[in-house]
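Contents: one structure, followed by commentary.
Nothing in this text is a laboratory measurement; each read-out follows from the coordinates by a stated rule. Computed from a prediction, not measured in an experiment: that's the story for all the values here. Cβ sites come from the backbone with ideal geometry, for glycine too, and all protein chains shown count toward neighbours.
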Amino acid sequence: MKNRLEEIRKERGVTQEELAASLEVSRQTIGSLENGRYNPSILLAFRIARYFGMSIEDIFIYEEDKI
C-alpha cells in the first residue's frame, strides 16, 4: 500500500514529532509509515485521516496485486 502521508504532513507544516504526539504513536511509526515499511491498522488510518480532515482513501492508496 502506498501513501501520501509525508507529502500531506509537509504541506500542512507538521513535523513527524508533532503528528506522532497527536496520534499517540512514536515518531519512528510515522517515519515507517512514510517510507512504506509499515501499514497502519485501520484504527490508526482513521485517526490519521481525521487529523488531516481527509478521507482514508485520500491518504492511503491500495493497489491490488495483478494476478
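Only one residue of Ser55, Leu23, Met1 has its Cα farthest out toward the positive end of the dipole of the chain, where Lys and Arg carry +1 and Asp and Glu -1 on Cβ, and that residue is Leu23.
Place a label point 7 angstrom from the Cα of Glu18 along the Cα-to-Cβ direction, then list the residues of segment 34-53 whose backbone nitrogen is under 13 Å away. Of the residues in segment 34-53, 52 have backbone N under 13 Å from the label point off Glu18. Among the GluC sites (Glu not before Pro) in the chain, those placed in a DSSP loop whose Cβ has at most 13 other Cβ atoms within 10 Å are Glu24, Glu63, Glu64.
Determine how many Å³ per residue the convex hull of the Cα atoms of the chain encloses. Mind showing how you got there, number by number?
On the way: hull volume 5.6 nm³, N = 67.
Per-residue hull volume (Cα only) is 83 Å³.
Given +1 at the Cβ of Lys and Arg, -1 at the Cβ of Asp and Glu and no other charges, the dipole of the chain around its Cα centre is 120 debye to the nearest 20. Mean sequence separation of contacting Cα pairs (under 8 Å, at least six apart), scaled by the length of the chain, corresponds to a relative contact order of 43 percent.
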